[in-house]
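The values are calculated or read from the model by the stated rules, or taken from the named source; none is laboratory data. Keep in mind the model is a prediction, meaning the values are calculated, not measured. For neighbour counting, all protein chains shown are included, and Cβ atoms are generated from backbone atoms with ideal geometry for every residue, glycine included.
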Amino acid sequence: MTKEEIAKDLVKKFNSGSNSTSQSIKAMSDMFSKEHAIICAKEIKERMPFNQQGYWDDIIKEIEKL
């Protein structure tokens with residue numbers, strides 16, 4: 001998987017309101033799912049050896065682009 005695919009997958013896993021018909025609920029769900037995915041990626045990064053932390057920085061940047 002590419003870094004972009006990993007970022008999208010993380011966000012998707014946290015997005016519980018993506019099927020909502022309400023635009024405001026969908027927008028809020030999208031925002032919160034990105035925030036949660038970033039928190040998750042940061043937690044993983046903190047537990048990685050230093051030489052692998054840059055990879056997770058890249059994942060976080062990809063999540064922020066979504």
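Of note:
- Among the residues of segment 44-64, those that are of a type outside the set (A, V, I, L, M) and closer than 19 Å to MET1 by Cβ comprise LYS45, GLN52, GLN53, GLY54, TYR55, TRP56, ASP57, ASP58, LYS61, GLU62, GLU64.
- Whichever residue in segment 1-34 is of a type in the set (D, E, K, R) and surrounded by 13 or more Cβ atoms within 10 Å (Cβ to Cβ) and, among such residues, is modelled with the lowest pLDDT: LYS26
- Qualifying residue in segment 38-51 (condition: assigned to a helix (DSSP H, G or I), surrounded by 13 or more Cβ atoms within 10 Å (Cβ to Cβ) and of a type in the set (Phe, Trp, Tyr)): no
- Where a residue in segment 4-17 is closer than 19 Å to ASP58 by Cβ and its partner, wherever it lies, is basic (Lys, Arg), with Cβ under 7 Å and at least six apart: VAL11/LYS34
- Some residue of segment 52-66 being more than 8 Å from the chain's Cα centre (by Cα), at pLDDT below 95 and not in a helix (DSSP H, G or I): yes
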